[in-house]
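Chemist: Mind having a look at this structure? Questions to follow.
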Amino acid sequence: MVLAALLVGERSPGLPPNGVREIREHRLMTQIELATKARVALRTLHSVEKGMNCRPATKRRILAGLEMPFEDRDLVFPPDAPMKVRRLRRCVA
């Protein structure tokens with residue numbers, strides 16, 4: 001499978017810890033097209049492509065939008081990849 005060849009192997013330090021962007025670009029899809037097909041917000045998809053963490057339901061929707069079976073989730077979202085977590089601002093009352 002061509003997509004597996006894209007994702008197998010070492011990732012460069014500058015690349016995000018998932019393969020959503022690489023697969024999307026390989027399939028010649030824009031972020032808007034994938035977000036619409038996956039039924040997620042464009043901002044959410046952008047964050048996921050940047051390496052931010054997301055809920056399992058969001059991962060399922062993105063995989064469905066990429067027309068990939070759920071069983072291939074480890075190719076797109078490697079389980080051992082570090083994910084970025086947003087820091088929340090503290091409200092001082």
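The values are calculated or read from the model by the stated rules, or taken from the named source; none is laboratory data. Owing to the predicted nature of the structure, the values given are computational and were not obtained by experimental measurement. Virtual Cβ from ideal backbone geometry, glycine too; neighbours counted across all protein chains shown. Areas reflect the complete protein model, heavy atoms only, side chains present, ligands, DNA and RNA absent. Shrake-Rupley method; radii C 1.70, N 1.55, O 1.52, S 1.80 Å.
Chemist: Scan segment 32-63 for residues that are among the aliphatic types (A, V, I, L, M), surrounded by 15 or more Cβ atoms within 10 Å (Cβ to Cβ) and assigned to a helix (DSSP H, G or I) and jot them down.
Modeler: Taking segment 32-63 first, the residues among the aliphatic types (A, V, I, L, M) are 32, 34-35, 38, 40-42, 45, 48, 52, 57, 62-63.
Next, from what is left, pick out any that are surrounded by 15 or more Cβ atoms within 10 Å (Cβ to Cβ): 34-35, 38, 40, 45, 48, 52, 62-63.
Within segment 32-63, L34, A35, A38, L45, V48, I62, L63 qualify.
Chemist: Could you please find all residues in segment 64-84 being of a type in the set (D, E), modelled with pLDDT of 75 or more and either open to solvent by 50 Å² or more (accessible area, probe 1.4 Å) or part of a loop (DSSP other than H, G, I, E, B) (or both)?
Modeler: So in segment 64-84, the residues of a type in the set (D, E) come out as 67, 71-72, 74, 80.
From what is left, the residues that are modelled with pLDDT of 75 or more are 67, 71-72, 74.
Of everything in segment 64-84, those that are of a type in the set (D, E), modelled with pLDDT of 75 or more and either open to solvent by 50 Å² or more (accessible area, probe 1.4 Å) or part of a loop (DSSP other than H, G, I, E, B) (or both) turn out to be E67, E71, D74.
Chemist: Count, please, the residues in segment 14-28 that happen to be of a type outside the set (D, E, K, R) and buried (at least 17 other Cβ atoms within 10 Å of the Cβ).
Modeler: First, the residues of segment 14-28 that are of a type outside the set (D, E, K, R): 14-20, 23, 26, 28.
With the extra rule that they be buried (at least 17 other Cβ atoms within 10 Å of the Cβ), the set shrinks to 16, 18-20, 23.
Total satisfying the criteria: 5.
Chemist: Could you please tell me which pairs satisfy a Cβ distance under 9 Å, a separation of 6+ or placement on different chains, a first residue in segment 38-50 that is under 16 Å from V76 (Cβ atoms), and a second residue that is modelled with pLDDT under 95 and of a type in the set (F, W, Y)?
Modeler: Pairs that qualify, where the first residue is under 16 Å from V76 (Cβ atoms) and the partner is modelled with pLDDT under 95 and of a type in the set (F, W, Y), are V48/F77.
Chemist: Here is a check on your reading of the model: is R87 open to solvent by 30 Å² or more (accessible area, probe 1.4 Å), of a type in the set (K, R) and at pLDDT 95 or above? Write out each step before concluding.
Modeler: On the way: open to solvent by 30 Å² or more (accessible area, probe 1.4 Å): yes; of a type in the set (K, R): yes; at pLDDT 95 or above: no.
In short, no.
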